[in-house]
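Read through the structure below, which is laid out as structure tokens, and then see the notes.
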Amino acid sequence: MMKQIVTMQLAAVAVTLALGVGIAAKADDVTLTVWSHEADEPAKVALREKAARNLEASHPGVHVKITWYEKDGLSAALKTALPAGQGPDVFYLEPDQTDYITAGYIVPLDSLVNWNNIYDWAKQVWTHDGKVWGMPQEAYTVELYYNKDTLAKLGVTLPANAQFTQSEFLDLVKKARAAGMTPIAQGVGDRPYPGAYILAEALLRKLGTDDYGKLLNGQLSFEDPRVVAVFTWVKQLVDAGAYPKNFMTLKLGESHHYFYQKPGSLMFPMGSFYTGRAFVPVDQGGQSPDFPLGVMQFPAMDGGACNECKTIAVGASFAINAASKHQDLAAEYLNALSTPEIGKQWIETIYLQTAVKTGATEFSGPYAPYFTELMKRQEGAKYFTGMPIDILQGQCKDAFVQIMNSGFPGGLLSVDDAVKQMNQGCYKG
Amino acid sequence: MAESAAPPRARFVAWLAGGSIADSRQAPMRTILLFLAPALIVYAAFTIYPVLRTFYNSVHTIGPRNAQTFVGLDNFTALLTQDRVFWKAVVNTSIFTVVGTIGDVLGGLLLALCLFAKVPLARTLRVVWFTPVLMSYVVVGIIWVWLYDYDWGLVNLLLGWLGLESWQQSWLGDPATALWALVVTHLWKWLGFNMIIFLAALHALPEEVLGAAELDNCGWFAKLFHIIIPMLRPTLVNLLVLSFIGKMMMFDLVWIMTGGGPLWSTETVSTYVYKRAFNWNTFDLGYPSAIAVLWFIMILLFVMLITRLLRSRDRLEF
């Protein structure tokens with residue numbers, strides 16, 4: 001009997017000790033919360049989850065919990081959580097969301113993140129008032145994709161520098177329309193920016209980086225003769241039937257389908273994140289493996305100040321909540337997201353440029369020819385950093401969405417009306 | 001046993017019972033409050049507080065780190081004197097509300113009269129006409145975006161089959177047609193709801209009155225206008241007010257189908273509030289709160305006007 005009592009007591013002590021250690025361990029455990037966009041892109045989900053697991057492996061007791069959203073939902077969640085002093089430790093942001101900086105909801109990352117792995121130009125995108133506020137992950141350029149076979153059927157040869165002139169491009173659009181096809185697949189049904197690709201890239205080439213920047217910042221009038229000339233040229237494209245009839249309601253995903261599946265079109269202006277939807281199996285909405293994809297330059301503008309210019313932008317980025325109690329740990333997660341290993345995986349699985357230095361100079365796999373051609377189109381390029389939708393704010397942004405993105409390319413506005421309304425929304429002079 | 005000496009449980013039970021033997025026909029107030037408390041707390045937290053907070057925000061600007069600055073009526077002044085998009089949204093919402101409300105109610109009444117008159121296949125038609133009511137706005141919006149599509153939408157296809165190619169449009173892409181396309185979609189969704197309410201009211205009409213009218217050789221139209229509709233007046237007014245309020249706050253369908261475009265031609269006050277609050281690069285909820293408060297007041301005034309104009313002796317419940 002005594003032996004049994006002692007045995008039971010020893011067992012109780014052992015259990016208590018085990019529990020105590022467990023509880024002590026639990027008390028030291030830290031959960032780092034992350035809110036991220038792009039819930040519907042499996043490759044990006046896998047990559048960010050991998051970075052989380054890497055951090056957990058290197059930091060025992062740390063758990064990373066990622067909550068996945070779509071962009072609108074994430075924005076609404078952040079705008080309600082952060083003013084209440086809540087929200088995650090780390091969250092997804094894009095460079096146009098500078099209101100988080102001015103509102104004081106994120107912390108500068110200068111001394112927290114290892115910037116050796118990030119390209120300087122991408123770091124510059126997030127630099128405001130001498131401090132760096134976000135860690136860029138995704139980079140992309142604005143490209144003009146086309147169907148090589150269709151171009152050949154129209155009897156047109158791409159110039160050696162892959163860049164048509166203004167009049168050549170207009171002729172090409174007319175030829176395509178006359179052949180019964182839609183020249184440019186584009187839709188603005190669910191996005192505030194793709195309708196303005198042709199117009200914005202033309203303005204960049206016409207004005208050059210400095211004046212283009214002034215235009216977007218309200219320091220140059222839309223009634224400047226050069227700007228009017230570009231609007232006039234784009235109006236000619238619109239009147240020649242460049243865009244599909246359902247331009248206003250065609251969604252981004254549908255426009256991809258429109259280009260490389262049915263009904264098919266000649267050209268497709270899109271950010272180089274095109275690959276996220278295109279380079280997936282056909283039954284998931286991707287292009288067929290033998291689709292004759294080509295990349296051309298946007299057309300050169302007559303008297304253009306910078307016809308070699310291209311838009312480059314930072315997309316997906318991450319920031320640290322100013323109210324986070326684990327800022328150092330949050331910075332470790334950002335560092336885990338920006339290792340060369342993760343950068344290489346980004347390129348190989350998402351087929352998109354990244355702000356992370358990977359050292360990769362050669363590409364392999366089924367999409368190697370695409371990447372080779374994409375890199376060729378970057379040769380000699382002078383970059384303007386930022387899409388209009390990233391730079392414009394408030395009423396000007398609203399005007400851009402309604403006019404440059406949808407109303408004007410949709411054929412609803414004359415050149416005069418469009419430039420006047422853009423001035424009303426944007427010009428500060 | 002003196003109350004103070006009773007055990008706590010007994011004292012609590014006595015307090016619930018009002019401290020004395022309660023009237024069996026009426027629960028004591030304390031008990032009523034205790035049972036109402038959870039619902040009242042939820043109502044206060046999720047309805048009353050947000051409304052009061054919105055009123056508070058409307059007279060402030062929200063700065064960095066939630067710093068609030070009292071600005072009085074500045075937000076309202078800017079809204080009424082400088083905001084062209086707001087007035088465009090007011091016009092769009094007003095058109096949508098007036099046309100939609102009249103269409104909803106009259107259309108529902110017509111459908112109900114069809115069923116009341118026992119047209120062939122009445123049971124099937126009742127199900128068919130009511131089914132859209134059961135669908136969410138998201139599903140309805142997506143379906144109708146496809147129906148209105150220029151290239152492969154059923155509307156343009158039907159027009160083509162009927163030889164009316166010249167009528168084919170980008171229904172949601174043209175400012176002249178986009179709002180009306182939304183009105184049609186909304187009517188398609190909600191006619192069935194009003195139909196069911198009217199049908200129930202028609203079946204509740206006293207048969208002896210209708211019988212007496214028939215005995216007096218009262219024609220169908222005369223019976224409709226002089227007997228049925230006047231007797232349906234309370235139902236009619238209730239549905240008018242409900243429909244009016246719902247359309248003045250229209251958000252879901254517009255957001256799904258057009259996002260307020262093209263060129264603000266379908267922008268409603270609700271979509272504009274959402275955009276100012278969440279899509280503009282600012283944390284300042286003062287201005288969008290001012291829009292919401294102003295619109296709340298306008299809806300309230302119009303509802304009071306409608307009920308006063310159409311006032312009957314019957315008390316309205318909605």
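The values are calculated or read from the model by the stated rules, or taken from the named source; none is laboratory data. Owing to the predicted nature of the structure, the values given are computational and were not obtained by experimental measurement. Virtual Cβ from ideal backbone geometry, glycine too; neighbours counted across all protein chains shown.
Of the candidates A:Y197, A:Y212, the single residue that is part of a helix (DSSP H, G or I) and either within 18 Å of A:K245 (Cα to Cα) or of a type in the set (A, V, I, L, M, F, W, C) (or both) is A:Y197.
Restricting region A:248-273 to residues that are part of a loop (DSSP other than H, G, I, E, B), away from chain B (no Cβ under 12 Å) and in contact (Cβ under 8 Å) with a residue 60 or more places away in the chain leaves a set whose member that is surrounded by the fewest Cβ atoms within 10 Å (Cβ to Cβ) is A:G264.
When A:W121, A:W133, A:W115, A:W68 are screened for being more than 14 Å from every other protein chain (Cβ to nearest Cβ) and buried (at least 18 other Cβ atoms within 10 Å of the Cβ), only A:W68 passes.
Here region B:267-290 is the region considered, the condition is being closer than 22 Å to B:G173 by Cα and in contact with a Gly (Cβ under 6 Å, 6 or more places away or on another chain), and the residue that is farthest from the other protein chains (Cβ to nearest Cβ) is B:T271. Taken residue by residue, region A:141-159 has at least one member that is surrounded by fewer than 17 Cβ atoms within 10 Å (Cβ to Cβ) and at positive phi.
Are there helices (runs of 4 or more DSSP H) fully within region A:32-128 with at least 3 residues that are small (G, A, S) and out of contact with any Cys (no Cβ under 6 Å at 6 or more places or on another chain)? List them. Outline the logic, then answer.
Details: elements: A:42-58, A:71-81, A:99-102, A:120-125.
Output list reads A:42-58, A:71-81.
For region A:276-309, which residues satisfy the criterion of being touching a helix residue (DSSP H, G or I) at 6+ places or on another chain (Cβ under 7 Å) and β-branched (V, I, T)?
A:V295 - this is the single residue of region A:276-309 that is touching a helix residue (DSSP H, G or I) at 6+ places or on another chain (Cβ under 7 Å) and β-branched (V, I, T).
A:A242 passes every criterion in (1) surrounded by fewer than 24 Cβ atoms within 10 Å (Cβ to Cβ); (2) closer than 30 Å to B:I143 by Cα; (3) modelled with pLDDT of 95 or more; (4) among the aliphatic types (A, V, I, L, M) apart from (1). Among the candidates B:T93, B:T61, B:T69, the residue that is out of contact with any Phe, Trp or Tyr (no Cβ under 6 Å at 6 or more places or on another chain) and modelled with pLDDT of 95 or more is uniquely B:T93.
Conditions (1) of a type in the set (S, T, Y); (2) outside the structural domain of A:Q261 (by TED's automatic domain parsing); (3) at pLDDT 95 or above, marked per residue:
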| residue | (1), (2), (3) |
| --- | --- |
| A:Q86 | no, yes, no |
| A:D89 | no, yes, yes |
| A:Y100 | yes, yes, no |
| A:D120 | no, yes, no |
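Pick out, from region B:205-266, the helices (runs of 4 or more DSSP H) lying fully within it that include 3 or more residues that are assigned by TED's automatic domain parsing to the domain that holds B:C114, among the acidic types (D, E) and surrounded by fewer than 16 Cβ atoms within 10 Å (Cβ to Cβ). Before the answer, list the steps.
On the way: elements: B:207-215, B:220-223, B:233-248, B:252-257.
Passing ranges, in order: B:207-215.
Residues in region A:391-416 that are more than 10 Å from chain B (Cβ to nearest Cβ) and part of a helix (DSSP H, G or I): A:I391, A:C396, A:F400, A:M404, A:V415, A:D416.
Just give me the residues in region A:71-81 being of a type outside the set (S, T, N, Q) and within 8 Å of chain B (Cβ to nearest Cβ), in sequence order. Don't jump to the end; show me each part of the working.
Looking only at region A:71-81, we keep the residues that are of a type outside the set (S, T, N, Q), and these are A:71-74, A:76-79, A:81.
Of everything in region A:71-81, those that are of a type outside the set (S, T, N, Q) and within 8 Å of chain B (Cβ to nearest Cβ) turn out to be A:D72, A:A76, A:K79.
Within region B:246-262, the set of residues being within 13 Å of chain A (Cβ to nearest Cβ) and either over 16 Å from B:V90 (Cβ atoms) or charged (D, E, K, R) (or both) comprises B:W255, B:I256, B:M257, B:T258, B:G259, B:G261, B:P262. Of the numbered criteria (1) within 14 Å of chain B (Cβ to nearest Cβ); (2) out of contact with any strand residue (DSSP E or B) (no Cβ under 9 Å at 6 or more places or on another chain), the one A:G386 fails is (2).
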